[in-house]
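Data block below; observations after.
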Amino acid sequence: MEKIVYVKIPQNEEEFVNLFSNVIESFRKSGEELPKYFNEANICDDCEIEEIIKLLSGYYLSETEKQIKLLGEKDDNYLIEIRD
């Protein structure tokens, strides 16, 4: 089964700094259950989307046996695929 999660592309510095928490929030809104430790401040404050995907990919592979991948951008959103 696959799912596409939409994450708003940052438009300013504040949104860029909060990109990691926005990704986590978008995943949770899509029904993904993520550990509370992803709520911790400063995990990935200045990370680019590719770095965030790499970080989450390690978690998903080891803990859920799912794979995640950045598919691209559409309508001011990143498209992230989660696949069983």
*Excluding residues on the same chain fewer than 8 positions from Lys54, give the lysines whose Cα lies under 17 Å from its Cα.*
Lys66, Lys69
*Note down the relative contact order for region 1-69 as a percent, whole number, built from C-alpha pairs under 8 angstrom at least six residues apart.*
26
*Please list Tyr60, Tyr6, Tyr78 in order of solvent-accessible area, largest first, computed with a 1.4 Å probe with all protein chains present.*
Tyr6, Tyr78, Tyr60
_If I compute mean projected area of the Cα convex hull in nm² from the structure I just sent, which labelled value in [x] 4.8; [y] 5.1; [z] 11.7 lines up?_
[y]
*Given a Förster distance of 30 angstrom, what is the FRET efficiency for Tyr37 paired with Tyr6, based on the Cβ-Cβ distance and rounded to 0.05?*
0.80
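The values are calculated or read from the model by the stated rules, or taken from the named source; none is laboratory data. Quick caveat: nothing in here was measured; it's all calculated off a predicted structure. Positions of Cβ are generated from backbone atoms using ideal geometry, with glycine treated the same way; all protein chains shown enter the neighbour counts. We work out accessible area using only protein heavy atoms, side chains counted, and drop any ligands, DNA or RNA first. Shrake-Rupley method; radii C 1.70, N 1.55, O 1.52, S 1.80 Å.
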